[in-house]
Each structure stands twice: as C-alpha cells, then as structure tokens.
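Taking it in order: structure first as structure tokens, then the write-up.
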Amino acid sequence: MKHIVAIATVDGKTIYQHFGHAEVFQVVSISDKDYTYVESRKTTPSCQDFQHSQDAFEQVISVLHDCEAIFVGKIGPGAAARVVSSGKRVFETPGLVDDVLRQVIEQHLLD
C-alpha cells in the first residue's frame, strides 16, 4: 500500500521546521519497503507576524490535499488539531528525513 506524505524541510535532509513557518513541503510516496521523493510544494506560511492566518492555513491544507500525513519539527496544539480535523495525521518528528521515514516503514506507522 502506498502512502503520500508531506515533510516540512528546506534542505530535504532534516525535519526541523515549525508547521506554521514552512514555505516548502517535500512530498514523498511511502510503500511498505521504501520511499521515493515525488515533488516539492510551495505554500504561504500559516503563521505570519506571530499570528495564525486562517486563509494561509487553508491554503497549506489545500496544497497538501492528497497527503495523508504531515511530518514537522514542531507544531502547536491548535494547529495540530486543525490538521487532524482536516483528515490528516500530523507527526512532530524532528530529525533526519531518512531516519524518520525508515522508522515509519519499519514500524508501519501509517497502516
């Protein structure tokens, strides 16, 4: 089974960005044995001037419409609840992309 996920990362190697500050998400397809990079998607950060923008938040969710999960370095409880209410899972998993995705595959975290 394939899973499409989004990762908040600038360099493609580390997950460290706060959900509200992310301008780019890497989209990855995960199978039960491996993962492959699909594309980068640009978005407007949902947190601007230390305040959440409803329009920007909805735009992020729209850009990631086909992603079932989002991996971020940090996310606040309110934003996490809104992501979950949009039908997506959210994981606060700072670290190396390769390590995190290997753990997702090995532990079947999306199944």
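The values are calculated or read from the model by the stated rules, or taken from the named source; none is laboratory data. All figures in this text were calculated on a predicted structure; none of them were measured in a lab. Cβ coordinates were reconstructed from backbone atoms using ideal geometry, including for glycine residues, and neighbour counts include every protein chain displayed.
Odds and ends about this structure:
- Single match in Y16, Y35 (criterion: of a type in the set (F, W, Y), under 16 Å from D98 (Cβ atoms), surrounded by fewer than 21 Cβ atoms within 10 Å (Cβ to Cβ) and in contact with a helix residue (DSSP H, G or I) (Cβ under 6 Å, 6 or more places away or on another chain)): Y35
- Members of the range 19-37 found to be of a type outside the set (V, I, T) and closer than 17 Å to A69 by Cβ, listed by number: F19, A22, F25, Q26, S29, S31, D32, D34, Y35, Y37
- Test: residue in the range 44-60 that is over 15 Å from L110 (Cβ atoms), free of Cβ contacts under 8 Å to residues at least 60 places away in the same chain and in contact with an Asp or Glu (Cβ under 7 Å, 6 or more places away or on another chain): yes
- Yes/no for V27 being surrounded by 13 or more Cβ atoms within 10 Å (Cβ to Cβ) and assigned to a strand (DSSP E or B): yes
- Residue under evaluation I61, criteria (1) surrounded by fewer than 17 Cβ atoms within 10 Å (Cβ to Cβ); (2) out of contact with any strand residue (DSSP E or B) (no Cβ under 6 Å at 6 or more places or on another chain), criterion not met: (1)
- Candidate set: the range 74-84, residues that are more than 20 Å from H3 (Cβ to Cβ) and out of contact with any Cys (no Cβ under 9 Å at 6 or more places or on another chain); chosen: the one surrounded by the fewest Cβ atoms within 10 Å (Cβ to Cβ): P77
- Candidates V38, V10 - the one that is outside any strand (DSSP E or B) and either of a type outside the set (G, A, S) or at pLDDT 95 or above (or both): V10
- Within the range 88-108, the set of residues being more than 13 Å from the chain's Cα centre (by Cα) and either part of a loop (DSSP other than H, G, I, E, B) or farther than 18 Å from I15 by Cα (or both) comprises E106, Q107, H108.
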